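Below is one structure; the comments refer to it alone.
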Amino acid sequence: MRRPTIAIRLPARERDALIEELAAAEFGTVVLDSASDLERVVGGGLPVGLAILDVSEDPTAVTATLAGMRERGISVPALIVAGDSVFDDLGEDDTLGPNDEIVLRPIDTDGLRWRAEAMLIRSQVVAHATDNSVLSRGPVEADWAARSPIVAVFNPKGGVGKTTIATNLASALQGRRDRNVLLVDADTVTGHVTMSLGLDTGRTLSDAWLDADEGGPGEEGLLDIAEVHDSGVRVAALVSSPLHMVTLDADRVAEAILAARWGVDVIVVDLHPSYSEVNQAIFGIADRILVPVTPDLPAIRAASQLTEVATQLGVRDHLAMVVNRANSGVSIRQMEDAVGLTAMASIRSGGMLFVRAANEGRTVTDMFPKDAVSHDFEILADCILGIEPAERLADGKAGHRMPSLGGLFGRNQPART
Ligand SMILES: Nc1ncnc2c1ncn2[C@@H]1O[C@H](COP(=O)(O)OP(=O)(O)OP(=O)(O)O)[C@@H](O)[C@H]1O
Ligand SMILES: [Mg+2]
């Protein structure tokens, strides 16, 4: 699906890095010579979804252009890049349209990209009712806490944070909530759980099966082959090479995961972004399928397609969204409406912390426990365990209801730019 074009009028030093970032996110970009070019470019038929406009030189020219376009019924949301000096003038009533936003310098390109994603969602999302109360609010099913839950992490879109959420959730459950956790790397193709945790892939489930099938002594399970990470999390990979993935017997994988449930408190499975047979088998045994969704339209579309597939597979009520990079300016409610799933929790952007932790083979929850993003993972871990916030504060024991998340999410959280 083609992504919209973003029209940019910025000084070259800011513009070039931003264009690179936006191109990597598969946006088209068009450079404007002046703000007044915007109407010409839009009139020329380019699908411009957003304009990023500098106002440091001539703020009135920019606001006049936008106001003129609005009058003529041409609505392109604008992200205005300003310095402190012109900010006050822009803040006056009616200077900007309802979909326009202001960002102050200095800007960082990553932050600006996510701000752009958020504005594009807001201009396109059509609100509709969702009915997913079973997913994250109200009482948890009776058998949910009775045995070790299997939590699969999946979205068919790449790069939305599946591995990040699987590893940090596992480490939060192990380190902060004192549960024994098995983290299964079911994505050796793009996933690299083991790599991001600084472990060697070591012996895999497929190696163990080969030996057993050749008459080796008994069949090893996932816990036999698992390596223990410094965080205490046991980590086991299904295969060492993507080529072996296709040869795996899906039912046998599911049985191996079910068998490991007796040896640990929680199993977290990081999945490959595809609807392979192995993945479908894992959906079938997972108590929860966490769906990380970043605030961008491709991730939202992929998640919403997943809800249809999950309905066909009969596992829709096991899906629960985790909004990732949640502080990009789109409210959780808007994400829920867009995807059609209730959010179980949200994880804010951790900036470079994930990269720094991965460089040392550690998780962010383990290495930066006091950072706000680690707190987000604790809340997610508690939702998985069904711990009520009040009980958590009082005595740390598990409760029977999932926390209500309403108060955590605001419409106007500051964006990271
Ligand atoms: N909340 C966050 N804050 C900052 N960076 C993040 C966040 N979530 C994910 N990232 C970064 O985004 C990139 C993609 O994340 P990740 O590898 O977890 O996605 P994935 O869904 O597992 O991708 P794939 O489908 O390729 O396996 C990584 O570099 C990760 O560090
Ligand atoms: Mg991954």
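Amide H to amide H distances under 5 Å link Leu79 with Ala51, Ile52, Leu53, Glu101, where only residues 5 or more positions off or on other chains count and H is placed in the peptide plane.
Straightening the chain between Arg72 and Asp317 buys 83.6 nm, computed as 0.36 nm per residue apart minus the Cα-Cα spacing. Take 168-180, 306-318 and order them by the average number of nearby Cβ atoms within 10 Å per residue, most first; the result is 168-180, 306-318. Rounded to the nearest 20, the Cβ-based charge dipole of segment 163-209 about its Cα centre (Lys and Arg +1, Asp and Glu -1) stands at 260 debye. Alpha-carbon geometry of segment 1-67: the Rg and the Dmax are 11.8, 36 Å, given in that order.
Quick check on segment 261-382: take the gyration tensor over C-alpha atoms, sort the square-rooted eigenvalues as a ≥ b ≥ c, and tell me if it's rounded (a/c under 1.5), prolate or oblate. Because a/c hits 1.5 or more and a/b fails to exceed b/c, segment 261-382 counts as oblate.
For segment 133-408, the spherically averaged projection of the C-alpha convex hull amounts to 13.6 nm².
Residue order for Glu220, Glu39, fewest other beta carbons within 10 angstrom first, comes to Glu39, Glu220.
Residue exposure proxy: Phe377, Phe368, ordered by other Cβ atoms within 10 angstrom of their Cβ from fewest to most, comes out as Phe368, Phe377. Exposure proxy for Lys162, Lys157: other Cβ atoms within 10 Å of each Cβ, ordered fewest to most, give Lys157, Lys162. Normalising the Debye intensity of segment 5-124 to I(0), with uniform scatterers on Cα atoms only, and taking log10 at q = 0.12, 0.17 Å⁻¹ returns -0.37, -0.79.
Each value in this text was obtained by applying a stated rule to the coordinates, not by laboratory testing. What you see is a predicted model; the values in this text were computed from it and never measured. Every residue, glycine among them, receives a Cβ derived from its backbone with ideal geometry; neighbour counts consider all protein chains shown.
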